[in-house]
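Note sheet for the following structure.
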Amino acid sequence: MKKRILRYLKHQSLTFLILGIIAVIFGLYHGASLHYGDSPLIYKVDNEGPYVFYKNDSILNINYIKGSKEDGFYVDSKEYSVDSNITTKSYFQIDSTSFDFTLKSDIQPPKTSYKDENPIIAISDIEGSYKAFRDFLIQNKVIDKDLNWTFKTGHLVLVGDFVDRGWSVTQVLWFIYKLEQEAKKVGGYVHFIIGNHELKNMQGNYRAAADKYLAVSNIMGIVQSDLYSRNSFLGKWMSSKNSLELINGNLFAHGGIHPDIADLDFSLDEINELIRSNYYKPYYPKVEKTEESILISKRIGICWYRGYFKDDLSQEQVELGINKFNAKAIIVGHTLQSKVNRQYNGKVIGIDVKHPKDYQKYWPKGQTEGLLIKNNKYYRVLANGEKVEI
């Protein structure tokens, strides 16, 4: 009897072990990870900022959070004329570094189409991971170790979701802004494509934001949705960006192009203008399906679409939206990939990978990747600067 019980328990244990291994493999395949620790600096917000708001048409208010939980917090706030050259800086707690940048209040929507022979590096879904983003750019010679732009007249394309989840969102956004200004001076480009999480933040949906930003808002005496409102500098700047761009024959969108969009009589410029006009309007589907609703839908809209990886699409369906804009391929983020890859005969390139987090430890640890397009060839570029043609 005792042997039978032991044998039963052994078989049960083996069964649970096998099921556990299968569950882990399934989870890893679908992007799951185990969060097992946080940096002790995760809630340190001394020197956090800047948080910049328009007091009125002529005055900018620049704020930094100062202090600690032990000594209390306060806001270091200063006012400047919007016409002045305002040089300020953003701090990063992990390695006690900072970078300077100059605010320019003349914010205009970028072009939609670009055509030249210059290289492109694209990366997506950084989700507030400043260190991973910064180090990737250094290793791939977009910037030098002093964080200065070195990519000359190249295109750095940021394919959405650089906010939320991570604890360095403010640093990430100001870093993009800094690089954009530096690239312009030498004829280079930083393209910040809007993703669904940028939309969420502009629309006051901050459920995916790190707890830190609720604390920051409370210390400043504002609500969290004010951080990227029309009255904030970052909100005004972010809401000027496009959701779809054509660069050297390649389309870039956070989600993708649903086949139905091919039937719409809109140019790239018109699509961007229409979607941009809805950035601050939370979307709820209406009974009547309109051309506008197709473009901004949370299911099939350009910032939200997952059909390339979730739907059973034919090659012809995939190419409808690509061919509409005479493009070679479309590069998208939004849907997690095990690595940067090409699908549908090279027409769709997925670049959303699991990046390491600044303040949080996960197993398995993600490895940053991006895409390089150079001389009509496509390369998977790694965190250490290596590249592999795909």
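The values are calculated or read from the model by the stated rules, or taken from the named source; none is laboratory data. All values reported here derive from a predicted model rather than from experimental measurement. Neighbour counts run over all protein chains shown; Cβ positions are idealised from the backbone, glycine included.
Restricting the stretch 122-134 to residues that are in contact with a Pro (Cβ under 9 Å, 6 or more places away or on another chain) and in a helix (DSSP H, G or I) leaves a set whose member that is nearest to Gly160 (Cα to Cα) is Ala132.
Within the option set Ile126, Ile121, Ile194, Ile222, being among the hydrophobic types (A, V, I, L, M, F, W, C), crowded, with 22+ Cβ neighbours inside 10 Å and either touching a Leu at 6+ places or on another chain (Cβ under 6 Å) or free of Cβ contacts under 8 Å to residues at least 24 places away in the same chain (or both) holds for one residue only, Ile121. Scanning the stretch 379-390 for residues that are farther than 15 Å from Ala132 by Cβ and part of a loop (DSSP other than H, G, I, E, B) turns up Glu386, Ile390. Of all residues in the stretch 225-244, those satisfying the criterion of being surrounded by 19 or more Cβ atoms within 10 Å (Cβ to Cβ) and hydroxyl-bearing (Ser, Thr, Tyr) are Tyr228, Ser229, Ser232, Ser239, Ser243.
Taken together, Thr170, Thr150 contain a single residue that is of a type in the set (Val, Ile, Thr) and either under 18 Å from Gln360 (Cα atoms) or in contact with a His (Cβ under 6 Å, 6 or more places away or on another chain) (or both), which is Thr170.
For (1) out of contact with any Pro (no Cβ under 7 Å at 6 or more places or on another chain); (2) in a loop (DSSP other than H, G, I, E, B); (3) within 25 Å of Gly204 (Cβ to Cβ), each residue gets a yes or a no:
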{"residue": "Phe266", "(1), (2), (3)": "yes, yes, no"}
{"residue": "Asn272", "(1), (2), (3)": "yes, no, yes"}
{"residue": "Ile275", "(1), (2), (3)": "yes, no, yes"}
{"residue": "Tyr283", "(1), (2), (3)": "yes, yes, yes"}
{"residue": "Glu288", "(1), (2), (3)": "yes, yes, no"}
{"residue": "Ile294", "(1), (2), (3)": "yes, no, yes"}
{"residue": "Ile300", "(1), (2), (3)": "yes, yes, yes"}
{"residue": "Cys303", "(1), (2), (3)": "yes, yes, yes"}
{"residue": "Tyr308", "(1), (2), (3)": "yes, no, no"}
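Scanning the stretch 295-328 for residues that are farther than 27 Å from Asn376 by Cβ and in contact with a Phe, Trp or Tyr (Cβ under 6 Å, 6 or more places away or on another chain), we see that the one that is surrounded by the most Cβ atoms within 10 Å (Cβ to Cβ) is Ile296. Quick test for you: out of Thr153, Thr102, pick the one residue that is surrounded by fewer than 20 Cβ atoms within 10 Å (Cβ to Cβ) and not assigned by TED's automatic domain parsing to the domain that holds Ser267. Exactly one residue qualifies, and that residue is Thr102.
Let's see how each residue does on (1) within 12 Å of the chain's Cα centre (by Cα); (2) closer than 27 Å to Lys354 by Cβ:
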| residue | (1), (2) |
| --- | --- |
| Gly154 | no, yes |
| Gly160 | yes, yes |
| Val169 | yes, yes |
| Leu173 | yes, yes |
| Tyr177 | no, yes |
| Glu180 | no, yes |
| Val186 | no, no |
| Val190 | no, yes |
| Gly195 | yes, yes |
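Please verify whether Tyr359 is out of contact with any Pro (no Cβ under 6 Å at 6 or more places or on another chain), free of Cβ contacts under 8 Å to residues at least 60 places away in the same chain and buried (at least 17 other Cβ atoms within 10 Å of the Cβ), treating the condition exactly as stated. Considered against the rule, which asks whether it is out of contact with any Pro (no Cβ under 6 Å at 6 or more places or on another chain), free of Cβ contacts under 8 Å to residues at least 60 places away in the same chain and buried (at least 17 other Cβ atoms within 10 Å of the Cβ), Tyr359 comes out as no. Using the structure shown, decide if Tyr280 is in contact with a strand residue (DSSP E or B) (Cβ under 8 Å, 6 or more places away or on another chain) and of a type in the set (Phe, Trp, Tyr). Against the criterion (in contact with a strand residue (DSSP E or B) (Cβ under 8 Å, 6 or more places away or on another chain) and of a type in the set (Phe, Trp, Tyr)), Tyr280 does not qualify. Scanning the stretch 175-191 for residues that are surrounded by fewer than 24 Cβ atoms within 10 Å (Cβ to Cβ) and out of contact with any helix residue (DSSP H, G or I) (no Cβ under 7 Å at 6 or more places or on another chain) turns up Ile176, Lys178, Glu180, Gln181, Glu182, Ala183, Lys184, Lys185, Val186, Gly187, Gly188, His191. The condition (being of a type in the set (Lys, Arg), assigned to a loop (DSSP other than H, G, I, E, B), assigned by TED's automatic domain parsing to the domain that holds Leu137 and under 23 Å from Ser105 (Cβ atoms)) is satisfied by just one residue among Lys241, Lys184: Lys241. Restricting the stretch 337-378 to residues that are aliphatic (A, V, I, L, M) and part of a loop (DSSP other than H, G, I, E, B), the residue that is nearest to Phe92 (Cα to Cα) is Val353. Would the stretch 289-308 turn up any residue that is assigned by TED's automatic domain parsing to the domain that holds His155, of a type outside the set (A, V, I, L, M, F, W, C), over 23 Å from Asp265 (Cα atoms) and under 19 Å from the mean Cα position of the chain (by Cα)? So far as the stretch 289-308 goes, no, none of its residues is assigned by TED's automatic domain parsing to the domain that holds His155, of a type outside the set (A, V, I, L, M, F, W, C), over 23 Å from Asp265 (Cα atoms) and under 19 Å from the mean Cα position of the chain (by Cα).
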